[in-house]
Each structure stands twice: as structure tokens, then as C-alpha cells.
Amino acid sequence: MTVDTCVVLRSAGVSVVLDVTGGRLPAIVHWGADLGALTPDDVGTLIRAGVRPVASNLVDEPARLAVVPEHWTGWVGRPGLSGSRGGRDWSPRFTTSSLRVNDSPAGGRLVEAGAGSVEVVARDDAAQLELTLRIELTRSGLVRSRASVTNLGADPYQLDDLVLAYPVPQVASEILDLAGRWTKERVPQRHAFTVGTHLRENRKGKSGPDSAYVLHAGTAGFGFADGEIWGVHTGWSGNHTHYAERLYTGDQMLGGGELLLPGEVILGQDESYTSPWLYGSYGVGLDAVAHRFHRFLRARRNHPSVDRPVTINVWEAVYFDHRLDKLLALAEAAASVGVERFVLDDGWFGARRDDHAGLGDWTVAADVWPNGLHPLVNRVNELGMQFGLWFEPEMINPDSDVARAHPDWVMATGDRWPLEARFQQVINLGIQECYAYIRDAMMAILDEYNIAYIKWDHNRDLIDAGTAPTGRPGVHEQTIAYYRLVDELKAAHPGLEIESCAAGGGRVDLEAMLHCDRIWVSDCIDPLERQQMNRWTQQLLPPELLGSHIASGASHTTGRSHTLNFRAASAVFGHLGIEWDLTRANADELVELGAWVGFYKENRSLLLSGDLIRIDDPDETISAQAVVAPDRSRAIYSFAEVGRSIVTLRGRLRFSGLDPNRRYRVTPVLLEHAPVVKPPVWWGVEPDGSSEFDHLAAGTAPGLRPTEEFGVELTGAALATVGLTHAPTHPETAILYLAEAVD
Ligand code: GLA
């Protein structure tokens, strides 16, 4: 039987119209704004109206672009499936023989399915290949697809590439994706969508600090609030691709998949390979695109609650210098400012006194911890804090007991070891005994101590990552084993949270996030950098998943110094933490830090569950954003000075995202620490009598107290379209405002 049906999926303002007629692979007729209800005739017309006249020099049948693009159709762009049996069966022609909608058999001219799934099975009997393609529209309006290919023949089939692609209309003329590096993750880059391929390949064996992250195409000049935008994301934590391709025919598409190394996947008879999910988000404005990802993640059964515990991580406080008395003092100081989780970082195990040795030997170092971690864990728990611990499970130092005992567990091409990075190699979780060793070692620590949280690191890239004894590429197996290991540990320890860290924000993707609970955005905690990194990391992840810490005054990775105001105001729009030797903080700093922690706790249910609004401002020296409660009753705004403007005053700031018809009172938060140089009249404040010059000398906030006229009251419409005068501050400071509905 061949399938001859169309399917319309609709959810959250998005329609996806799929043509599954004539036994051909599903093709997207429309992915974008909701088209409302369509009759079977409407869908037929939509398909017919998109059939191109056959232009000269093209194949005599109009090429039709399937979600797995097929070369035989005359499509001369990147094919979906590439592979062969020693040079045969390399251009399959699939015929779809079964269709299921919402996991039940379906047929007829048109099936309408709301949010749901479409799954087809297709075969090429001559090439002896079967393809299963699943396309879903989530309740948040994300389209996601993945494909499996099965070898039905007796001869092995070498799979070289299996990518999926979504067509985007020609009004999408600009591309925006992300780049980055260690300590500067997720920097936007933008250019015209020209003929050719904008190809982002990743061969690091992890998502990478430079991943394309979300590859968007949109109408000219699109911004956070404007322009039609289509974005794709490959949900995979190993080697992968994202690409935007525009052909001479005018067809253009966004695609992605796993990047397979030569000979990495060779399918024996009846063996299958499944691609990662390719996610697609459509919206008007980048915020709308981001919200679909956020809502998808927030709808997960295991999504962390808004009570994200304020965390202290000790890395920048002590590095490898683990001394119980110091760590206990740090725990006491942390508890006194309201911290709820204490995380012990690298250096507690094996011979790991610095980064040259010990990785892979996951037993507590007896010379440093003669009584194990118990004295620390117990005190942390007594202080009412959870305990968290650092691991780097996929890594091994050549100078370790495990490397000496099992040199064949190091990932390598066979004849030599890869170049070292950070004095380490990668341990091969694709080898069953090796996987079991790492799992059991981690389980033993989790069984012995009361551990609520793992900071799971992955510092080096996978170079020459082959697997013994042949040296064949092993990145695919390693990536799958990583997910399995996370899942096994969590199943054995319900409630255990895992942070995805990879030398900072090097393993951030949706598949990792379906297994983990938080990411470490970057090893750079400099708030000026974090303003940008958090802003763009939120293009995929909601704020509650972003590890966002307040570090010491002088940044350890940039050398810049910042006020506590700027460090804290930048950090509270995420899962708040501290990464600072609090035993060296002075009394004033501890008071102010306590106030920020208090503010966060009071407002985290809003900060970590609201809708993210990033405000476009033509003056790039200001970075503005807000989190607005889903019912529009409250919002917190941040206006950060990230540079010095060439104008003295920036005019009125727009408070967008509120309900235009409701009235709101807007007030500055933490007035006693607000770094304003001269408060604007609308603040309704007066000097508190302290000396302006003392404040100038100390570099502290000016000393203000609210009057009876504190703040202003206006409609959401007036606040968004007219706005309120900017309060001039020094560069690299931020002012937060609370907007509360009064009706
Ligand atoms: C990586 C992480 C850091 C820290 C160190 C420890 O760089 O990103 O936060 O845990 O490893 O070696």
C-alpha cells in the first residue's frame, strides 16, 4: 500500500502542513504562522499552488523537497541520507508504505491533528533500506523530527550522513546564529542568506562553546520583538551539523543532524541508526522563537521547580587547595548570606592535587580528606545546605591508576594516543567494562554521601577519538553512553540533579537538557560578559537552567573589576549562585550580598517562571531585559549599562511586555544599593541625609529613601510605548525595576 494523505498539525499559533501523497516522503508545504482550519481542498490547492513551472535545465518533474531530501528527485542540494554498500545503493528512492498520526494508523485525504505526531515508514526494496521518519509538533509549537535508517540487506551499509531539513520561504533573507569560544560563549553573528551553504560543523565530541546553537533565518532586520523568524537546533551533544542552504533554484532550507566520522556507523543486517531530533521554532521576533523552546522544556515532567537553591561553588574560592578548615569557614559564610547548596569542585579525589593527575580515580583522596568528605558534607547539611560534588566522568589523566591499569580504555585511533589537552585524555565509555567501572565508582560515592547535585564536567575536545582495538571512530557511542550514564545515576538516586558543564558552557543542547537540570554558562563570570552570554544562551534555555553566579570583585578570567551591584543584578536572572571566597569578603559586601540573595529568594518564582523579554535598543551601550509573569501581574526589568553612550541621557526606556490595558506601579528595587548618579524625578525619592561625598569617595550607592510618591503608576500601553526616563548611572552597573499590576 502506498500512502496518499496530507496532515495538518496546529498548536500555539503554528501550522505545519505535510504532503505525504503519492507514496513519497513527507514534505513540508507550510511551517509557520497558524493558517486556521483548512479543508482537504484547501490543502490540495496549497500544494498545487506551490508546484513550480519546470524551468529550463532542470529535471522534467518539479523537484519536491522532503524532510529527508532525496537526490533522485533532482534535488541537487545536500541529500538527507548519504551512504553506500561499497559504492552501491547510494541514492535510494523511498516509497512510503505506512502512516501513523498520533501513534495510530491514519489515511484519507486529510488528517488534522493539533499538537501531535506523524510517523511514516518507507522502503527502497532495491537498495534494501528502510526509513522511519517521525515529525512532531509540540504543545509549545516546536516542530521536531528524527529519522531511523535500517539495513535490510545482508551486506553491510556504511552510513555517512543522515540530516533532516526544513524549507523556509524566500522572505527569510538574513541568517543569525551563534559563535563563541571558551569564556565567551554564544556570540551572535549575522549575515545575508546567500546562495551556497552556511555550514556549521562541530567535531569536538560535545556541543561546543562555538556551536551554532540556534540557526535562524528571518526577514530583513528581525529583532527580539519583530520579524518573521524560523530557527533550527540539532539536539545532540556529540559531533553535529547545522546548515542553511540556498540553491540556485531559489529553494532554501535549514537543516542539521549528527556529524558521523568515516566508518563510524556501519549497519549490519537489520541494524538501525537513529538521528538526533532536529528542532524548529517559528515566531515573530527572537523572543517568540525562544519562548517555544522554553515552554517545551518547562513542560517536562522532571523540569526543576522554581525553588532553585542558591548555590555556592568553591572553584574560584579555593581551586585545588582543598583544606577542611577553609572549606568549613566558606560553608559557614555561605550559609550566613542565605546559600542553600554547597558544591565541592575539582580536586577531592585520587592524586588530583592539580590538573596533571588523578582524573579517572574516583575515590576520595585520603591524604587530603583523612576522614573522607564526611566532616564537610555533615557540616554543610547541618547548616541546612545541600551538598554537590564535581566529576569529570569521561576524562582520564594518563597519570592515574586507571590509565596505568587500562591503557586501552583511552580513546585513540589505534597506533598512538591523541594529543593531550589539559593533560588529559578521554576514557572510552563505549567499552562496556570501562563504562561499568566509571558508573560503579560514581555510584559508590553517591551511596556513601548525601549528594543532591553533580557538577558534570567535560573539559577537553574529542580528538582522534577512536575505540580499541581497531581504532574506529567512537564519538557516536561515547555520546550515547553519556546519556545512559546520566540516566542510570539518576534512576538509582531519584532527585539527583546534574549540571552540564564542559569547560564552562561547552555542552549546551536540547538532548543534554532532556537528561540534565542546569548548565554552567561559562567559566567567565565577569558580569559584562555575562550580560551578553546569558542573553543569548536564553535563546534556547529558560533562565532557571542557567548557572548564574556572583563572583569576586575582580574577574578571574578577564581581570576586570565590577561592583557587587553589577555582579548581582546580572546574576539574578538565572539559577543564582556564588563563586567567591566569602571568607575574604568584608562586612559591607556580606550585607549587600545577603540583600541580593534575599531579593532573589523573594522573587525567584517570577524570575524563574516568567516570559523572557529582551528589549531591542538602538543604543548598544544599554542591555535591557525583563521577566514577565505569565498572567502579566508582575515583571522585573533590568537596564544594564554595558558601555558609555555618546549621549548624556538615553531618553525614555520602554517597559515592554506588560498587559497594555492594566495599570502598573513601577519602582526601583533594592533602593539602598541602586547605583544611580542622580535619581530621576519619577522615582519619588529623596536623599537619606548621608554625605554625597562620602558615597562618592567610597564608590557606594548615594543613599536614598522613598517618599510617599515612590515610583510611578501607568498603563502597560504607556509604559511600553512612551516609557520612563532613564536614570543615569556609571558604566557597568545595572538598575532593576519591579512592575506590579495595581488593578
Ligand atoms: C572546568 C569548569 C570549571 C571548573 C574546572 C575544574 O573548567 O568549567 O568551573 O570546574 O573545570 O577543573
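Annotations
- Counted charge near Met513, where neighbours are those whose Cβ lies closer than 13 Å (Asp, Glu -1; Lys, Arg +1): -2
- With Cα atoms, 0 to 90° folded angle of helix 475-492 axis to the chain main axis: 60
- 24 Å tail of the calculated P(r), the range 56-181, as % of Cα pairs: 40
- Take the Cα of Trp72, step 7 Å toward its Cβ, do the same at Asp487, and the gap between the two points is 3.4 nm.
- Each peptide among 701-714, 546-559 gets the average number of other Cβ atoms lying within 10 Å of its residues, and from highest to lowest they stand as 546-559, 701-714.
- One Cα centroid belongs to the range 206-271, the other to the range 156-186; the line between them spans 2 Å.
- For the range 363-432 versus the range 723-743, the gap between their alpha-carbon centres in whole angstrom: 46
- The dipole here belongs to the range 18-130: it is taken about the Cα centre, uses +1 on the Cβ of Lys and Arg and -1 on the Cβ of Asp and Glu, and is about 340 debye.
- Hits among aspartates and glutamates - C-alpha to C-alpha of Lys206 under 12 Å, sequence gap 8 or more where chains match: Glu258, Glu394, Asp457, Asp461, Asp509, Glu511
- Once the Cα atoms are used to define both axes, helix 286-298 deviates from the longest principal axis of the chain by about 90 degrees.
- 3J(HN,Hα) from dihedral phi, the range 717-726, Karplus parametrisation 6.51/-1.76/1.60, rounded to Hz, x for glycine, proline: 5, 5, 5, 7, 9, 9, x, 10, 4, 5
- Neighbour-count ranking [beta-carbon atoms within 10 angstrom, fewest first] of Phe423, Phe224: Phe423, Phe224
- Whether the chain is rounded, prolate or oblate, judged on the alpha carbon gyration tensor where a/c under 1.5 counts as rounded: oblate
- Placing +1 on the Cβ of every Lys and Arg and -1 on the Cβ of every Asp and Glu, with nothing else charged, gives the range 325-445 a dipole about its Cα centre of roughly 140 debye.
- Cα-centred dipole magnitude for the chain, charges only on beta-carbon of K, R (+1) and D, E (-1), debye, nearest 20: 1340
- When both the range 587-623 and the range 489-508 are represented by their alpha-carbon centers, they are found 25 Å apart.
- Label-to-label distance, nm, for residues given as Val591 and Asp688 (7 Å Cα→Cβ offset): 0.8
- Per-residue Cβ neighbour rank within 10 angstrom, fewest leading, Leu576, Leu376, Leu446: Leu446, Leu376, Leu576
- Computed E for Ala126/Val51 - FRET, C-beta separation, R0 35 angstrom, nearest 0.05: 0.80
- The ranking of Ser272, Ser145 from fewest to most other beta carbons within 10 Å of each one's beta carbon is Ser272, Ser145.
- Dipole of the chain, positive end: most advanced residue of Tyr737, Val284, Leu58 [Cβ charges, Cα centre]: Leu58
- Summed residue charge, Cβ within 11 Å of Ala365's Cβ, Lys/Arg positive, Asp/Glu negative: 0
- Rounded if a/c under 1.5, otherwise prolate or oblate - the range 1-132, Cα gyration tensor axes: oblate
- In nm, spacing of pseudo-spin labels at Glu602 and Glu271 (7 Å Cα→C-beta vector): 6.1
- Note that the range 94-101 has calculated 3J(HN,Hα) couplings of 8, 10, 7, 10, 8, 10, 10, 10 Hz, one per residue in order, obtained from phi through the Karplus relation 6.51 cos²θ - 1.76 cosθ + 1.60 (θ = phi - 60°); glycine and proline are x.
- Within-12-Å neighbourhood charge of Arg644 [Cβ basis; K, R +1; D, E -1]: -3
- Applying the Karplus relation 6.51 cos²θ - 1.76 cosθ + 1.60 with θ = phi - 60° to the range 455-465 yields 3J(HN,Hα) values of 8, 9, 9, 7, 7, 9, 7, 8, 10, 6, 7 Hz, where x marks Gly and Pro.
- Between 0 and 90°, nearest 10: helix 40-49 axis offset from the chain longest Cα axis: 80
Since every read-out is calculated from the coordinates, none of them should be taken as a lab result. Not measured: the values here are computed from a predicted model. Counting neighbours? That spans all protein chains shown, and the Cβs are built from the backbone with ideal geometry, glycine included.
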